[in-house]
Structures are given as C-alpha cells and as structure tokens.
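Notes to accompany the following structure.
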Amino acid sequence: MENAERLLHGRGQLTGGAESIAIDWYASHLLFTFYSEVSDDDVNTLVDAVADQFRQWQMPIQAVLCQRRYLKGAPVECLHGEVSQPLWVTEHDLQYKVNLLNHQNHGLFLDMAEGRKWVLEHAKARSVLNLFSYTCGFSVAALAGGADSVVNLDMSKGSLSVGKQNHVKNDLHGARFLGHDLFNSWGKLKRFGPYGLIIVDPPSFQGSSFTLDKHYPKVIRRLSSLAEEGADILLCLNAPEKDSEYLTAMVEKGAPDLSFVQRLPNPAAFADRFPEKALKVLHYRYGS
C-alpha cells in the first residue's frame, strides 16, 4: 500500500452499494468521506469493519476521521486517535503536507497522482507555468524532475504558503509563487516565459472569480502567447457534468494551434463506470 492513496472510490459507481462513500489512506490516517446523509451507527459499523481488516494486515492506524461533505461546510470529525499536525505524506518519493482537518480540500488531490508523475517524467530542462497551482504539487514534481524553473500562480496566498513548505521539505529551488488574479497577470507571466510546459488545473467553480464557461476559454486563448515552440500543455477538468468534448471544443475554437496528444490516465483506484464524469487531463502540444 502507498503512503497516500484512495482505498474505496464509491463515486466511481463500481462498488455496489457504496456510491456515496470514499475511503482514503494518508500515512496511517484513515479518512472516511460521505457525500450523502448517513447515520452515526452506519458510520461506526463501517469504520469498525475497515479497522478490523487493517488489524488483520497488521497495519497500525494512528487516527480515523469522518468528513460529511453533504453538510454545510463539510465538517471533519476525528473519531479515534490523534491527527498528526503537520502531516506529511509521500508520493513518488516526494513529500507533501496535508491537513485532514480542513473542511474542504486537504492539500493533495489523490486523483491527480498520474498527472504529477507525468510532470515528474517530462519537466527536465524546461521552464514550467503552473496555473491555479493550489499547494503547488505540480511544481514540486516538475523541479524534482529537473525543471529549470517554475512559476506558480494562485489567488490563495494560504495555499501558496503550503506550497512553499512543500518545496522546502523536498529541498527544491527555482520556483516563483505569485498570489495574483490570473486575469490581471498576463503581462507578468509573459515576462517570465516563454514556457516549455504549461499546466492549467482550475477549480470547477470559485464564485465570481472563476467559472468554467466564462473563464476557461479566456485562459485557453492566451496559451499560445505563453508557450514556446513544441511546448506541452496539460489542460485539466474535474467537473462531472462536463465531458472531455467540452474541453476539446473549447481548444478547437480558442487555440487551434494546439494539437491533441493524449488523455492521461487516472490512478487505478479512481476507476469510474462513467469515465467522462471523472477527472480529465488532456495533453496538448503547441506548434510543430
């Protein structure tokens, strides 16, 4: 078992009867996430069954947490044990800080593990632009893979602060951290470019600051002005209601000089009965 991974992906609708449940493992911490209403008795029954399996595997559990995403604020409760603060997890020999008591996202999106691996393997000697960088997982992977430099941009200075800690923890240098609104920062990004690898991983919805229909096309139209000849571009989309054709049509209209290369796979643990509802990471190339 890896240090951080999904154990049960009920939302993939391949687990019969557990469609609203996810179970994740973070360095001896078990996190149960519920997306629809569940009773305390049912939570306890499930937790006891999983914990018993771990005892059979002789794998110690430091803490068990429950998050109810169907409630306002998505509260997290520690049911057993004590949560490590800070908690560092390892993926591809790199360390990332996570906070399982955060009410929404915990600092590392497990379904993007294959995307980070691809960047680790393809960033060597490149200048990298990481848009909507969150806690800068792609930046850590890029620099570990030999990137010359990385520019991380995100409006959340708190997320960028965690990103800086991730770089320090892995003894990585060569990253910039810009806590700016992307749509007011094109000039600054161009000055740091052009880029040989661009990653665009936006939120599906972030109030008035970002909506897919309004803002993603604006980003795509700017990519050619930021990319060097032959640059690789990863466009990410994690909205179940939008399929990959939604994104490819946007590229065909707004950036016809980008050529589709492939769709990156998701981790096997995130297998989905309806792949178009799962995370979509599309690889494009600029120019010849």
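The values are calculated or read from the model by the stated rules, or taken from the named source; none is laboratory data. Keep in mind that what you see is a predicted model, and the values were worked out from it rather than measured. Positions of Cβ are backbone-derived with ideal geometry, glycine not excepted, and every protein chain shown enters the neighbour counts. These accessible areas exclude ligands, DNA and RNA; they are computed on the full protein's heavy atoms, side chains included. Shrake-Rupley method; radii C 1.70, N 1.55, O 1.52, S 1.80 Å.
Listing for the model above:
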| quantity | calculated |
| --- | --- |
| Matching entry among Tyr284, Tyr246 (being open to solvent by less than 70 Å² (accessible area, probe 1.4 Å), within 30 Å of Ala18 (Cα to Cα) and at pLDDT 95 or above) | Tyr246 |
| Some residue of segment 31-45 being touching a residue at least 60 places away in the same chain (Cβ under 8 Å), open to solvent by less than 70 Å² (accessible area, probe 1.4 Å), farther than 30 Å from Leu197 by Cα and in a strand (DSSP E or B) | yes |
| Pairs with Cβ under 7 Å, 6+ apart, first in segment 184-196 and touching a residue at least 40 places away in the same chain (Cβ under 8 Å) and surrounded by 14 or more Cβ atoms within 10 Å (Cβ to Cβ), second part of a loop (DSSP other than H, G, I, E, B) and basic (Lys, Arg) | Gly196/Arg126 |
| Enumeration of residues in segment 242-260 that are assigned to a loop (DSSP other than H, G, I, E, B) and in contact (Cβ under 8 Å) with a residue 24 or more places away in the chain | Lys242, Asp243, Ala255, Asp257 |
| Any chance Ala123 is open to solvent by less than 20 Å² (accessible area, probe 1.4 Å), under 18 Å from Leu235 (Cα atoms) and out of contact with any His (no Cβ under 7 Å at 6 or more places or on another chain) | yes |
| Residue within segment 65-84 that is crowded, with 16+ Cβ neighbours inside 10 Å and aromatic (Phe, Trp, Tyr) present | no |
| First in segment 212-230 and closer than 14 Å to Leu131 by Cα, second anywhere and open to solvent by 80 Å² or more (accessible area, probe 1.4 Å), Cβ under 7 Å, 6 or more apart | Leu226/Lys190 |
| Single residue of segment 1-28 satisfying the filter (open to solvent by 20 Å² or more (accessible area, probe 1.4 Å) and acidic (Asp, Glu)) that is nearest to Asn105 (Cα to Cα) | Glu5 |
